[in-house]
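Just below is one structure, and these are the notes that go with it.
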Amino acid sequence: MNKIKKEIIEKLLPDIKNASECIEKKYPVRNMEKSAKITRIAPSPTGFVHIGGIFTALLSERLAHQSNGVFFIRIEDTDKKREIAEATKLIIESFERFKIFADEGETLSGEEKGEYGPYKQSKREQIYKIFAKKLLEQGRAYPCFCSLDELKKINEAQQKNEIRTGYYGEWAQCREKSNEEILQALNKNKPFVIRFKSNGNGNKIKFNDLIKGELFLPENDQDIVIIKSNGLPTYHFAHVVDDHLMRTTDVLRGEEWLSSIPLHLELFESLCWDPPQYGHIPTINKLEGNSKRKLSKRKDPEADVFYYIKDGYPSEAIIEYLLNLIDSGFEEWRKQNLKVDNKKFYVSLKHLSGSAGPLLDMQKIEDVCKDYIGWLSTEEVFLQCFNWAKEYDMDLMKRMQNDSEYVKKIFSIERDGNQPRKDIIKWSDIKYQIEYFFDDFFEKNKINLNELLPGIEKIEIEKIAKQFLLIYNEKDNKEEWFFKLKEMAKFLGYADNIKSYKEQKEQYKGHIGDIAMTLRVLLTGRRQAPDLFQVIQCMGINRLNTRLQNPNFIFVSLFVSSI
RNA sequence: GCCCUUAUCGUCUAGUGGUUAGGAUGUCAGGUUCUCAGCCUGAAGACUCGGGUUCAACUCCCGAUAGGGGUACCA
């Protein structure tokens, strides 16, 4: 290398003394089985975590851990303009709320764990520069002094002539600058970037994507920026350097990166490194009008993972929904393995074919949630709901705290056997579902009987209430209880089953269902509630008495029955 | 504009050169010791279009169309 070139490089990247070999030594090949996958998630701290980010992270995490590999998190904070304070913390927290834990990288405390760090790109500036220097020395990179304005002009000219835009071929003005010209510009302190010098000329290259399969892409011929004028690397360069040094074996990322593949491959080649395997994941979309579009951080509240957290969708259920999107075999597996931890499901990439990007289906999410919560034990429901309430519903939390045994009893209604009740979608549903069990909420004189029990005379309502109190015995099991209820129905002139009522309507005042509904309304203040027998058992005899006795609450007027 | 990519019920998808094109979700109907949530049974619902190749195409090839992505000193 001649003297002038050395001088240029020294001016371009002062204080970069380390040889690239030294760095390589610091990041040795990981001592792992051949089949072990090293994956990562590499978010930019520019805002909240998108549901698609969880999707990618989940896939990467499972791929690593099911192969006894390593999953790490790397913060890609090279765009200082878009960076948002605290975003890194929020991101780590979001992943952890979905139980996606990284083996290496920054933790919630702000410290880092792992031997392949730093795991934040802004702390790796020197490393990128060392490899940029290597490329400069080898003639695979050069400084570019084009101003943003000049670049804009090039772009406009290209558009006007309907040719491909970009910095390549004869459009790459700075590519052929002589050393003297470069030195001159440098001496004038002109700002510069370092560009990669591409050898490509547009031939097709074959590429095998983990998800999309075999693809043919045009070779890269763009002299892209690798080091920006602020000294930080661009995504492309940082990705190549980091994923090589950190020994990533499988890069899973959004399919918006697919067209950068030729570039990344050429970058790896120029540094004599083996590229990782790539898998490009379809983006999660939303239907707007008749067309699909990417779920937008701005417009769609459901893009933000905190949307689900705040409303109390169980994170595990969201994971299961996403797992099914990743591998449609999950649904079948879940059916066969009702209560098994979903980590036991072996995720395969073969079903995540080149789909055009799934639409987020809230109905399906809700169905998964219902099913998930349905199979939880009373204790687990209590715990998860409590943890949610602690953050988002102090009222509910206090109630759960003060009356935990009673609340658990409520949660255990129809939670037995192999056909659990499935009416809870999210933790924020629970308040409404349990409030009538509490006396301070339940105000019997506010129940609108005309509306809730239309067509039933008030005198009849009272008769039913009184009669029920007479026949009710706490010790009865459900069969005995129901038998008595039927007897009572007959005694009061109602059909004890709906069939006979339908056959001879004129013979009856109504049917057993009317009796049950009357009691339900008196006891809960609503027409919809879980199994009546279990509700009564849960409430206990005292509440039953207060709610059914004392006919004053039934009659707003002075009407008094004589029964 | 150029480049890449994708195309099966409303949605998520399985699948094959010869299938009654399967499942899930949603919808509707019936059932279930009372309402609701379930659960069970059933119904409606799909291979984008046009050419080719073939005895035979949803499946292979070529076009068209439509969707998605890229085309930055953003990631």
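Readers should treat all values here as calculations from the given coordinates under stated rules, not as data from a laboratory. Owing to the predicted nature of the structure, the values given are computational and were not obtained by experimental measurement. With ideal geometry, Cβ positions are generated from the backbone for all residues, glycine too; neighbour counts draw on all protein chains shown.
Applying the criteria of a DSSP loop state and at most 15 other Cβ atoms within 10 Å to the GluC sites (Glu not before Pro) of region A:452-481 yields A:E457, A:E474.
The fewest-to-most ranking of A:F48, A:F441, A:F237 by surrounding Cβ atoms within 10 Å reads A:F441, A:F48, A:F237.
Amide H to amide H distances under 5 Å link A:V251 with A:Q277, A:Y278, A:G279, where only residues 5 or more positions off or on other chains count and H is placed in the peptide plane.
Among A:I100, A:I281, sorting on how many other beta-carbon atoms sit within 10 Å of each Cβ, with the fewest leading, yields A:I100, A:I281.
For region A:336-398 versus region A:438-480, the spacing of their alpha-carbon centroids is 37 Å. Relative contact order of region A:125-281: 24 percent, from C-alpha pairs under 8 Å at least 6 residues apart in sequence.
Annotation: amide H of A:T283 within the under-5 Å range of A:E255, sequence separation 5 or more or interchain, hydrogens built in the peptide plane.
Here the Karplus relation 6.51 cos²θ - 1.76 cosθ + 1.60, evaluated at θ = phi - 60°, turns the backbone of region A:247-260 into coupling constants of 6, 5, 9, 9, 9, 9, 8, x, 6, 5, 8, 4, 6, 8 Hz, with x for every Gly and Pro. Between A:A157 and A:K188, the FRET efficiency estimated from the beta carbon spacing at R0 = 25 angstrom works out to 0.45. Normalising the average separation of contacting C-alpha pairs (under 8 angstrom, six or more residues apart) by the number of residues puts the relative contact order of chain A at 11 percent. For region A:134-233, state which trypsin sites (Lys or Arg not before Pro) are in a DSSP loop and have at most 14 other beta carbons lying within 10 Å of their beta carbon. Hits after loop and neighbour filter: A:R164, A:K188.
Placing a pseudo-label 7 Å from each Cα along the Cα-to-Cβ vector at A:F101 and A:K502 gives an inter-label distance of 5.6 nm. Exposure proxy shown here: for A:H239, A:H511, the number of other Cβ atoms within 10 Å sets the order, fewest to most, as A:H511, A:H239. FRET efficiency for the A:E269 to A:M362 pair, using the beta carbon distance and R₀ = 60 Å, is estimated at 0.85. For region A:203-210, putting each phi into the Karplus relation 6.51 cos²θ - 1.76 cosθ + 1.60 with θ = phi - 60° gives couplings of 5, 7, 10, 8, 9, 10, 8, 4 Hz, in residue order, rounded to whole numbers and with x for Gly and Pro. Listed values for region A:102-119 are Karplus-derived 3J(HN,Hα) couplings in whole Hz (6.51 cos²θ - 1.76 cosθ + 1.60, θ = phi - 60°), namely 8, 7, 9, x, 5, 10, 4, 6, x, 8, 10, 10, x, 9, 10, x, x, 9, and x replaces Gly and Pro. Shown for chain A: cysteine residues without a partner Cβ closer than 4.7 Å, namely A:C22, A:C146, A:C272, A:C369, A:C385, A:C538.
For a Förster distance of 60 Å, can you work out the FRET efficiency between the beta-carbons of A:N448 and A:W333, rounded to the nearest 0.05? Step by step, r from the Cβ atoms, then E = 0.80. Under the simplified labelling scheme, the A:Q433-A:M394 pair shows an inter-label distance of 2.6 nm, with each label point 7 Å from Cα along Cα→Cβ.
Within 10 Å of each candidate Cβ there may be at most 13 other Cβ atoms; applying that plus a DSSP loop requirement, which trypsin sites (Lys or Arg not before Pro) in region A:349-428 survive? All intermediate terms of the calculation are to be shown ahead of the outcome.
Working: sites: A:K350, A:K364, A:K370, A:K390, A:K398, A:R399, A:K408, A:K409, A:R415, A:R421, A:K422, A:K426; in loops: A:K350, A:R415, A:R421, A:K422, A:K426.
Listed in order of number, the matching sites are A:K350.
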